[in-house]
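Working notes, beginning with the structure itself.
The values are calculated or read from the model by the stated rules, or taken from the named source; none is laboratory data. Source: prediction; values computed, not measured. All Cβ positions, even for glycine, are placed from backbone atoms using ideal geometry, and neighbour counts span all protein chains on display.
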Amino acid sequence: TQLLEQSPQFLSIQEGENLTVYCNSSSVFSSLQWYRQEPGEGPVLLVTVVTGGEVKKLKRLTFQFGDARKDSSLHITAAQPGDTGLYLCAGSKTSYDKVIFGPGTSLSVIP
Amino acid sequence: DAGVIQSPRHEVTEMGQEVTLRCKPISGHNSLFWYRQTMMRGLELLIYFNNNVPIDDSGMPEDRFSAKMPNASFSTLKIQPSEPRDSAVYFCASSLAGRHQPQHFGDGTRLSIL
């Protein structure tokens, strides 16, 4: 049983389109992290959200942590081919608990 | 700055052979993690160390898997004997201990057991 679910599993869009990917759980997490992984490389941290309702922006990427701290979303505005990759959410239930990764959303942005 | 360094990048070996994967964490980081990534199961935590001590090895699949961290700058993950179902990409990551610290991943070892 996956503690963290991500949707959609795969997403293919044209350059310039907007998109949102989701990370959901039935459990409360003390924090959620989003990572991006490119082929042949390890995941790279994009952002950490810790407060329910928190919104963080990283250029064209907007991250939101749900009020109940059970879900998170990542919105990308005007997607570019460089955004292509596997987007992983990861959460820890307590401040010092191990991090659990979701299965990821594989994004392909077509020029 | 040097990131997490893993070796080898690729390993192809026959089933039954011993496989040793190596990791050098970022200097100053005191937590180290070993993950396995496959298409079917995604990214799975195998074991993690804090200050060189194994804290949680509940993700280690079988007794064929073992991990050591003899000092703060080196860790190994060993599979003996290896089986085809062990084929995967194995990642090492390190972080500072404490709240919400990001994990820094190496580029992984792609392991193929024939």
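A few remarks follow.
- Within the stretch A:1-24, the set of residues being of a type outside the set (A, V, I, L, M) and in a strand (DSSP E or B) comprises A:E5, A:Q6, A:S7, A:F10, A:S12, A:Q14, A:T20, A:Y22, A:C23, A:N24.
- Residue that is modelled with the highest pLDDT [pool: residues in the stretch A:38-52 that are closer than 19 Å to A:L3 by Cβ and within 14 Å of chain B (Cβ to nearest Cβ)]: A:P43
- Of B:P102, B:P25, B:P8, all but one fail to be closer than 30 Å to A:T51 by Cα and modelled with pLDDT of 95 or more; the exception is B:P25.
- Residue in the stretch B:90-106 that is touching a His at 6+ places or on another chain (Cβ under 8 Å), of a type in the set (S, T, Y) and either under 17 Å from A:P43 (Cα atoms) or more than 14 Å from chain A (Cβ to nearest Cβ) (or both) present: yes
- With respect to the conditions (1) under 22 Å from B:G16 (Cα atoms); (2) surrounded by 15 or more Cβ atoms within 10 Å (Cβ to Cβ), B:L114 lacks only one, and its number is (2).
- Candidate set from the stretch A:71-100 (those that are hydrophobic (A, V, I, L, M, F, W, C) and under 10 Å from the mean Cα position of the chain (by Cα)); member that is nearest to A:L61 (Cα to Cα): A:L74
- Only listed residue being more than 20 Å from B:F91 (Cα to Cα) and out of contact with any Lys or Arg (no Cβ under 9 Å at 6 or more places or on another chain), chosen from A:T77, A:T62, A:T105, A:T84: A:T84
- Residue in the stretch B:67-78 that is touching a Lys or Arg at 6+ places or on another chain (Cβ under 8 Å), outside any strand (DSSP E or B) and surrounded by 13 or more Cβ atoms within 10 Å (Cβ to Cβ) present: yes
- When residues of the stretch A:53-79 are limited to those that are at negative phi and exposed (fewer than 13 other Cβ atoms within 10 Å of the Cβ), the one nearest to the other protein chains (Cβ to nearest Cβ): A:L58
- Flag set for B:Y48, criterion: assigned to a strand (DSSP E or B) and touching a Pro at 6+ places or on another chain (Cβ under 8 Å).
- Hits in the stretch B:28-52 - residues which are under 20 Å from B:S73 (Cα atoms), of a type in the set (S, T, N, Q) and in contact (Cβ under 8 Å) with a residue 60 or more places away in the chain: B:N30, B:S31
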